[in-house]
Structures are given as C-alpha cells and as structure tokens.
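First up is the structure itself, then whatever we jot down about it.
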Amino acid sequence: MSSPSTGAAQYTAEVYIGGRFEPPASDWLPVLDKAAGQPLGRYGNASAEQVDRAVATARRAQPEWADTDANTRCDVLRAFAAELERRRDELLTLIIRETGGTAEKADEELGQSINQLLNSATQLTENAGSILPPYKQGKMSLSRAVPLGVIGLIVPWNYPMSLAMRALAPGLAYGNAVVLKPAELTPIAGGQVLAEAAHAAGVPHGLFAVLPGDGPTTGSTLYHHPGLDLIHFTGSFEVGAAITEYAGRVGKPAVTELGGDNAFVVLDDADVDQAASCALWTSLWYQGQTCISAGRHIVHRSVADAYTEAVVERVRKLRVGDPLRDTVDLGPVITAGQLARFHEGLVEPSIAAGAKVAVGGGHDGLFYQPTVLTDVTADMPIFREETFGPVMPITVVDSEAEALELVNRHRTLMNSVFTGDPLRGYAFAQRVASNEVHVNDGYARHGGEGQLASYTRRQWIGVQTTPVTYPTWAQGS
Ligand code: NAD
C-alpha cells in the first residue's frame, strides 16, 4: 500500500470468505475519492453463490468460536484493534477520501471503531448470564447468554467503519459469526480494511465474511438468506421497513437503525450564542449526513432574530472544499444524487413555497454551501423530510407547547432543547418521543451497555440437585 500522504493509494475491495480474498462475480466498478472525483479503488457485486458460500462457511465456523474461552476471544479482538491502530495514518487518509469527511470526522470514526473493539473485548469477559433464584427447592437455575449464530450486517456509507464495528465487535465478542455487506460507496474502509485487519488479528477463518456489492443485488440476497440468525441493518427507512416486514413474515429477529427528521429547539430563555454554536455542530457536522443531524430548528419568536443572526454569522465563516488537500470545515456531499435529492427535492420547493435563503443555497459541483433557510413552515418539504445535507431550516413558534407538538409530529432519533433552566429542559425532554434527547447540547457517543442482550439470546437451564416427589399418578404406582 503506498503512503497515505501521497493520496495515490489504489485499493481493491474484494470478497472475503473463509479467510481468503477473491474477486467478485461481477465486473469491477470504481470507488471514488469523493472530493477529487477520481478513482480511489474498485469493488464489484458479490453474487448469490458468494453470499451463499459466505453464510455456509460462517455457520460452520461459529460453533467452535462460541466454545472458545473468553480470554482467547478477548485477545483476538484486542489484536483486531491493534491492527487498525497500526494503520492509523493510512486509514485516516482513506476515510477522508472515501467518505469526503474532514480529518476530525475520520479521527472520530476510526477512534470509535477501535474503542468499540476494546470495549467489546472487555465486556465479553465480564458477564455470560445470571444466576436465578431457586424457583423450586434444590433447583439451581441459570440464565445463560448464548450466541445467536450468524449475523447478516448491512451498513450505510456515512460512517462505514464505525457503523459496521458497532455490530461486528460485540457480535464476534459474544460468540457469533458476522457476514458484512458494506455500502457500495464505501466498500474499502467499510469492508476490505476490516477483513484485512480481522485476518491479521487471527479472527478464525470463516467467522467473518465481507461481501461488497450494491443493495438490490448483494444486500437483498444477503438479508433474504435463510441461514442468518439475525439481520442487522443501518440505513434508510424504506429499506429498513422492507427488512422488518420480511423478518416478521419469516419469524426472524431484525435490528434496524434508521433515519429521522430530528429537531433542535431553542426556547425563549436560551443562551443564544451557545445554542447557535451547538446548532452548527449538530446540523453541519459531516455536511449534515448523519442520522442524528438536526434537520429542523424550532425557535421561540422572542429569540428568533438573535438566533438567526448568530447562526448566519457563524455559517458565513465556514470553508467548503476538499478535506484532504485544503483547510476546510465541510467537504463534498457524497454524490450528485444525494445533493439533488435534498436541493432539488426539498430546498428548492420550500423556497418556492416562501422560505428565504439567509446564507448559502448554492453549490459548486458536490461542494454545497452550508445553507440557512428562514420563514420555514411545518408544511414545507424541508421541514417534513429528513434532509441529510448541510441545510438549517428555521421555524418560529410562539410557545413551548407549539415547539413540542412540532418535534413530536415526525419520526426522530435524537433531539436537542436549549433553555436557561436545565430542569425546564428536563421536563420538555420527558415529553419528547425520541429515545435520545439532549438539554443544552447536541449528541453523545454510542453507549456500550445492552450489547450482551442484543447479540445473544437467553437460555434458562435448571439443574435439580435433590430428588423431587412427583404426583403419585406420574410415579406409576
Ligand atoms: P440505504 O438504505 O440506501 O443504504 C444502506 C445500506 O443498505 C447500503 O449498504 C445499501 O447498499 C443497502 N441497501 C440498499 N438497498 C437495499 C436493498 N433493497 N436490500 C438490501 N440492502 C440494501 O441508506 P443510505 O442512503 O446509504 O444511508 C442514509 C440513511 O441511513 C439515512 O436515512 C440515515 O438517517 C440512515 N442512517 C441511520 C443510522 C442510525 O444509526 N440510525 C446511521 C447512519 C445512517
């Protein structure tokens, strides 16, 4: 692999099955450096035969891994983390080029991936179930955490490495096999690199497979495969809904992490400068292309002008460009299709309906100027749909109750509320329907607890240690 600083590395994202790399069944397709628009590498679509072989090989490898002692599994996961750490400089450059994010975003992504491996390596040594009360005299009862088997993992392009790792690391840690399909836009950081690092770390052959390919070809074949014990999907609502429907029909567990039209609320007593800084961070980080980006700013009328001014002043100073070659705050939008989806599909129709551009609104190729829209009403497309782009629509309300009603009108993942009174914020947060709410802040990192439950099933084993007197009719006397 050539030096990261040259920016010239060419990668091949191959199919990885049974501890061996092989070409895809299809022709090669380019993987682009998103800012430069030049090929960074290549990938292809794994075929149905390759999906089938990956799942069958994973099924064969999984039982022995599940029986492997905890210290050995811990060592393998730590070696996996060390391998990513060893390649840190190269991988940061790769993530910048493949996702179009800044160096800070790449650092966050690689750091989350390494930490997830280290956390899972520790967690697997801590808890393998519980001892239950003796429901019957003389009966020892255990609730044992048992691996699910083979996990089919489908991941999007925005955080290709860390969103794969959030299921891969705990999945492997708790004794499962994992068959990963990375996003077609990011199969190198999200697939090839993980396969190489796992291979070098001694993850047993077959236990982890990588199948690059697009959604309708490789992704659909994977999630329909009868050999999976869990389908784990992160991505759009539409695909997630189809997977949930399928999983329900065949009686298979599915975990879906989908998008949301998240809100950022500024109440009348908020510190406007603090709110404006946080608003830029939660709306524009990685060009607004995260599932928890704030896509609707719901602001009390009494602070709306000051808030808008503070936001616009900050946005005017932002630099947009190639994050590898220039000093910038925002990189390119991932593809022309994504840009057209939010610009032509949401921004332009909202402007036609009366929204005003306070700053931004244009783009040079994929380099979209961060945009603030005012006079946005709840019936406009930019308010009603997840934006997934660097746009901050501001909607003015007259009361806290009105703000709350607007927040809860849409499906959201994470919301923020700014207020000078944290307890008022707490009371507001309690009435917000999302699973995550932050008072006077944006987002936090993924938590580690709960992963044992997500990647194992419980088996109750009761051991009767003293003789039981069964009913006389059962004793045959
Ligand atoms: P997407 O659903 O189009 O693609 C995600 C993954 O699914 C990709 O690997 C893709 O190849 C695959 N896929 C697409 N069609 C498929 C099909 N028919 N069958 C099987 N697999 C298929 O989503 P995207 O546009 O790449 O990502 C953006 C979306 O992901 C946004 O809605 C965002 O909010 C969401 N997201 C959610 C989270 C979260 O943690 N909740 C994190 C990141 C992104």
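So here's what we get for this one:
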item: Straight-distance crosslink candidates among aspartates and glutamates, where the alpha carbon sits under 14 Å from LYS252 and sequence neighbours closer than 8 are dropped; result: ASP229
item: Residue order for HIS297, HIS410 - accessible surface, 1.4 angstrom probe, largest first; result: HIS410, HIS297
item: Shape category assigned to segment 357-457 from the gyration tensor of Cα positions, a/c cut at 1.5; result: oblate
item: Shape category assigned to segment 263-439 from the gyration tensor of Cα positions, a/c cut at 1.5; result: prolate
item: Net charge over other residues, Cβ less than 13 angstrom from the Cβ of ALA353 (K, R count +1; D, E count -1); result: -1
item: Cα-based helix-to-principal-axis angle, 70-86 vs the chain, degrees rounded to 10; result: 30 degrees
item: Furthest towards positive pole of dipole, GLN459, PHE21, GLY337, structure part the chain, Cβ charges; result: GLN459
item: The chain: antiparallel DSSP beta bridges as a percent of all, rounded to 5; result: 40 percent
item: Within segment 1-133: Cβ-based charge dipole about Cα centre, in debye rounded to nearest 20 (Lys, Arg +1; Asp, Glu -1); result: 140 debye
item: Cα gyration tensor category, rounded, prolate or oblate, for the chain with a/c compared to 1.5; result: oblate
item: Å² of accessible area per residue within the chain, as computed with a 1.4 Å probe and no ligands counted; result: 42 Å²
item: Tilt relative to the chain, helix 88-99 - C-alpha long axis, 0 to 90 degrees, to 10; result: 60 degrees
item: From phi via Karplus (6.51, -1.76, 1.60), per-residue ³J(HN,Hα) for segment 121-134 in Hz, x at Gly/Pro; result: 4, 6, 4, 5, 8, 9, 8, 10, x, 9, 9, 9, x, x
item: Amide H within-cut-off set for TYR368, under 5 Å, with H built and near neighbours excluded; result: VAL333
item: Surface accessible to a 1.4 Å probe, ARG301 within the full protein complex, Å²; result: 130 Å²
item: Residues whose placed amide H lies under 5 Å from that of VAL266, excluding near-sequence neighbours; result: ILE298, VAL299, HIS300, PHE418
item: Antiparallel bridges, percent of DSSP beta bridges restricted to segment 11-258 (to nearest 5); result: 40 percent
item: Rounded tilt (10° steps) of 160-173 against the dominant C-alpha axis of the chain; result: 20 degrees
item: Beta bridges per DSSP with both ends in segment 263-439, % antiparallel, nearest 5; result: 20 percent
item: Proximal aspartates and glutamates to LYS317, defined as alpha-carbon separation beneath 16 angstrom and excluding residues fewer than eight positions away on the same chain; result: ASP273, GLU309, ASP326, ASP329
item: Interchain or long-range residues, amide H under 5 Å from LYS139's placed H; result: THR465
item: Neighbour cut-off at most 13 other Cβ (10 Å), DSSP loop, chymotrypsin sites (Phe, Trp or Tyr not before Pro), segment 132-207; result: TYR135
item: Heavy-atom accessible surface of the chain: percent carbon and sulfur, 1.4 Å; result: 52 percent
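The values are calculated or read from the model by the stated rules, or taken from the named source; none is laboratory data. Here the structure is a predicted model, which means the values were calculated and not measured. Neighbour counts are summed over all protein chains in view; Cβ atoms, including those assigned to glycine, are modelled from backbone coordinates with ideal geometry. Accessible surface is based on the protein model in full, side chains and every heavy atom, while ligands, DNA and RNA are left aside. Shrake-Rupley method; radii C 1.70, N 1.55, O 1.52, S 1.80 Å.
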